Amino acid sequence: MRCGGNTSCVEVSLDDGSVFVLDAGTGIRELGAELAERGTQKVHLLLTHLHLDHLEGLRFFAPLFDPGVEIDLWGPRSPVLGLKERIRKSFSPPLFPIDLQDTPAKVTFNDVPNVPWTIGAAELRASLVVHPGPTVGYRISADGSSVAYLPDHEPALAGRFEERTRDWISGGSIAEEVDLLLHDAQYFEEEYDERLGWGHSSVSSAVAYADAVGAKRLVLFHHDPTHSDDRMQELEDEARSFADDDGDPPTIAREGMVLDLSA
Amino acid sequence: MPSDRPKHLVHILAREFASNLATPTLIVDADGMLIFFNEAAEDLVGGTFAEVGEMTIAQFSDTFAPRSDNDDPLPQERRPTRIAFEEKRAAHEEMTVTSLDGVERQIGVTAFPLFAQKDEFVGIVAIWWRE
C-alpha cells in the first residue's frame, strides 16, 4: 500500500522540539508509539472537528496513558456541549471501557479562540470552515514558514470562491499565501457530483482553492477509502492537469511522508 | 470604510444563501458594517453592492430616510435593524423609504440577530419586503 489507509493525523514539529499533532484519526496510534519512544512529554493536539475519522485514534494514543505527559488539546466550540464532554462520549460504554477522566496523562481542553494565539515559537490561527458541524482549519506559522491544514472542507458549497476576494473565502485567512496547504481532495469530479454537500472537495476544487488563496504548495489530503493506490495516482495526475505549470505541482499525501519547511 | 478582514463563516454562508434568494436580503457584521446585499435588493436600494460599498448600517438606513405612515421620520427605536443589532432580538416594521435612485417605496423590514455561539454575536440579517 503506497498511500496508506489510516485516517487523518499529521505531526508538525518545530526546531525547538515543540510537537503539534493535527487530528486524532487512526494514524495517531503509530505516532503515539513514536512520540513515546522519543520521550516527548508535551503534545499540542489540534482537532479540526470531532467526526469519528478524526478522533477514533485518540483512545489508542500512547501518550494519553503516560502520567508524565501533558496533552494540550484544542478544538472548535460547539453551541451545545463543551469540547471535553463531546470527546468524552467516545470514551464511554459501549464504545470504550476507559473513561476519559481515568486516562493518566494531564489533559487540558481548550476551545480555539477567534484570534491568533501563540504556543512557544508558533503562531496559531483557527477558522471555522465549510463542513457539516463545527469544524475549523488551522494555520501554524513558525521560524519563517507556515502550514495550513484543512482536511475536511467544501468551500465550493459557499459559492464560487474563485470569484471572491480572500476575506470572503472559507478558510481564506488561514490558507492565504501559506507555504504548505494540506487540503481536502477526496473526490474525482464525477464522484463529487453525487456527494455534493457531504463536506469534501473534488480534486479540481482543491486545486482552484489553492490558487485562489495563493498557497505555494498543495498536498491533496483526506483520501477516499474506496480509492486504490492506482486511483490515487490518477487523482494526483488529474490535480496536476488542473494546476498552473509554475510552482510546485500538487502531490497526494502519503503515509509517513515528511516535508521539510525550513525557511 | 471597506474592510478586508476575514469574514466569519456565518457571513460567508449567509451571503451564499442570500445570493440564491429572490428576496432582498442584507447582511451586517458584528461591528455594524453592511457587508453584503444580494442582487434582489438592488432594485430597492437603487444600486449594486459594489456601487454602494461597505458602510455602517446606521449610515445606510439614514440614506433611505425611513418614514412612518404619517410621513414622520421613523424613530430609531422602531427601526428593525437597530433593534436587531442593539437589542439582539428580531423585529419587523412597515415604512416608506426613498431609494438611492430617488424613488419612494413602501417596504416592510424584518431583521434578526445572528449568533455563532450563545455568547458570540456575529451580526444581523435584514430582509426587505416589497409592500
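The figures follow:
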read-out	value
Some residue of segment A:45-55 being surrounded by fewer than 18 Cβ atoms within 10 Å (Cβ to Cβ) and closer than 21 Å to A:Gly120 by Cβ	no
Tally, over segment B:2-14, of residues that are closer than 20 Å to B:Ala58 by Cα and either assigned to a helix (DSSP H, G or I) or away from chain A (no Cβ under 14 Å) (or both)	1
Among residues of segment B:15-26, those that are within 19 Å of B:Gln106 (Cβ to Cβ) and in a loop (DSSP other than H, G, I, E, B), counted	3
Restricting segment B:77-119 to residues that are modelled with pLDDT under 95 and either on the phi > 0 side of the Ramachandran plot or touching a His at 6+ places or on another chain (Cβ under 9 Å) (or both), the residue that is farthest from the other protein chains (Cβ to nearest Cβ)	B:Gly102
Residues of segment A:122-146 satisfying the condition of being in contact with a Ser or Thr (Cβ under 6 Å, 6 or more places away or on another chain), at the interface with another protein chain (Cβ under 10 Å from one of its Cβ atoms) and of a type outside the set (S, T, N, Q)	A:Val129, A:Val130, A:Pro134, A:Val136
Residue within segment A:152-169 that is more than 11 Å from chain B (Cβ to nearest Cβ), without any contact (Cβ under 8 Å) to a residue 40 or more places away in the chain, part of a loop (DSSP other than H, G, I, E, B) and out of contact with any His (no Cβ under 8 Å at 6 or more places or on another chain) present	no
Conditions (1) within 30 Å of A:Asn114 (Cβ to Cβ); (2) surrounded by fewer than 14 Cβ atoms within 10 Å (Cβ to Cβ); (3) more than 14 Å from chain A (Cβ to nearest Cβ): number failed by B:Ser61	(2)
Hits in segment A:66-115 (condition: part of a loop (DSSP other than H, G, I, E, B) and within 14 Å of chain B (Cβ to nearest Cβ))	A:Pro76, A:Arg77, A:Ser78, A:Pro79, A:Val80, A:Leu81, A:Gly82, A:Val112, A:Pro113, A:Asn114, A:Val115
So A:Leu182, is it more than 13 Å from chain B (Cβ to nearest Cβ), assigned to a strand (DSSP E or B), hydrophobic (A, V, I, L, M, F, W, C) and surrounded by 23 or more Cβ atoms within 10 Å (Cβ to Cβ)	yes
Selection from segment A:10-25 of residues that are free of Cβ contacts under 8 Å to residues at least 40 places away in the same chain and surrounded by 19 or more Cβ atoms within 10 Å (Cβ to Cβ)	A:Val21, A:Ala24, A:Gly25
Members of segment A:29-64 that are part of a helix (DSSP H, G or I) and within 12 Å of the chain's Cα centre (by Cα)	A:Asp53, A:His54
Output for segment A:105-137, where each listed residue is under 19 Å from A:Gly197 (Cα atoms) and touching a helix residue (DSSP H, G or I) at 6+ places or on another chain (Cβ under 8 Å)	A:Leu128, A:Val129, A:Val130, A:Gly137
Enumerated strands (runs of 3 or more DSSP E) restricted to segment B:27-131, each holding at least 1 residues that are farther than 23 Å from B:His8 by Cα and free of Cβ contacts under 8 Å to residues at least 40 places away in the same chain	B:91-98, B:104-117
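The values are calculated or read from the model by the stated rules, or taken from the named source; none is laboratory data. Since the structure is predicted, the reported quantities are computational estimates derived from the model, not experimental observations. Backbone-built Cβ (ideal geometry, glycine too); neighbour counts: all protein chains shown.
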